[in-house]
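*Asks:* Okay, handing you the structure first.
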Amino acid sequence: MQRQARGGFEVKRTPQDALDAGDGAQIGHVRFDKRFHGPLEATSVVHMLTVGTDVPGSAAYVAIERIAGTLDGRRGSFLTHHDGVLDRGQPTLALGVVPDSGTGELAGLRGRMAIDIVDGAHFYAFDYELPDPAPGGD
């Protein structure tokens with residue numbers, strides 16, 4: 001069954017050493033530490049690689065994120081992958097759960113997340129599916 005979790009999150013950005021891509025091109029490396037609130041009560045660590053071009057407003061990033069906490073009361077962790085593109089000022093973002101990365105009560109988690117930034121505040125909308133919990137008892 002498809003579900004949706006919506007809430008806010010805080011972000012702490014920590015630049016890391018740039019990586020040499022050859023021919024003078026530099027790949028930026030940034031670590032983000034996040035704290036999610038709402039149906040997703042969790043913390044995460046994100047490692048992002050970024051690159052820009054000589055054309056203003058054109059860039060891209062990829063990232064891997066590990067999220068750990070509770071999702072609608074179910075405890076565990078999972079990984080997400082980010083693919084962001086800025087094409088002459090027009091942003092697109094694909095952000096999804098890495099298949100079979102869920103642990104604990106989040107095993108089998110699948111989904112996609114959208115991120116919005118409004119007046120400097122960060123918000124998420126997480127469309128996801130989780131298998132029904134195993135029945136309790138012996």
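*Asks:* Would a scan of the range 89-98 turn up a residue that is surrounded by 18 or more Cβ atoms within 10 Å (Cβ to Cβ) and more than 22 Å from A121 (Cβ to Cβ)?
*Replies:* yes
*Asks:* Moving on. Looking at (1) within 15 Å of L130 (Cα to Cα); (2) out of contact with any Ser or Thr (no Cβ under 8 Å at 6 or more places or on another chain), which is the one condition that is false for E10?
*Replies:* It is condition (1) that E10 fails.
*Asks:* Just checking, how many residues over the range 63-76 are crowded, with 18+ Cβ neighbours inside 10 Å and in contact with a Leu (Cβ under 6 Å, 6 or more places away or on another chain)?
*Replies:* 2
*Asks:* Further question on the same structure: Condition check: open to solvent by less than 90 Å² (accessible area, probe 1.4 Å), of a type in the set (G, A, S) and in a strand (DSSP E or B). Does G108 satisfy that?
*Replies:* When the stated conditions are applied, G108 does not pass them.
*Asks:* Here's a follow-up. Among the residues of the range 22-40, are any under 21 Å from L130 (Cβ atoms) and at pLDDT below 95?
*Replies:* no
*Asks:* Then there's this: Considering each of A125, A121 in turn, give the residue that is in contact (Cβ under 8 Å) with a residue 60 or more places away in the chain and exposed (fewer than 13 other Cβ atoms within 10 Å of the Cβ).
*Replies:* A121
*Asks:* Here is a further query. Return the residues of the range 1-22 that are acidic (D, E) and farther than 16 Å from Y61 by Cα; say none if nothing qualifies.
*Replies:* E10, the sole residue that qualifies.
*Asks:* Going by the structure shown, is L79 without any contact (Cβ under 8 Å) to a residue 24 or more places away in the chain, within 19 Å of the chain's Cα centre (by Cα), surrounded by 15 or more Cβ atoms within 10 Å (Cβ to Cβ) and more than 19 Å from Q4 (Cβ to Cβ)?
*Replies:* Yes; evaluated as a whole, the condition is true for this residue.
The values are calculated or read from the model by the stated rules, or taken from the named source; none is laboratory data. Given the structure is predicted, the values throughout are model-derived calculations rather than measurements. For neighbour counting, all protein chains shown are included, and Cβ atoms are generated from backbone atoms with ideal geometry for every residue, glycine included. To get the accessible areas, we keep the full protein, side chains included, count just its heavy atoms, and leave off ligands, DNA and RNA. Shrake-Rupley method; radii C 1.70, N 1.55, O 1.52, S 1.80 Å.
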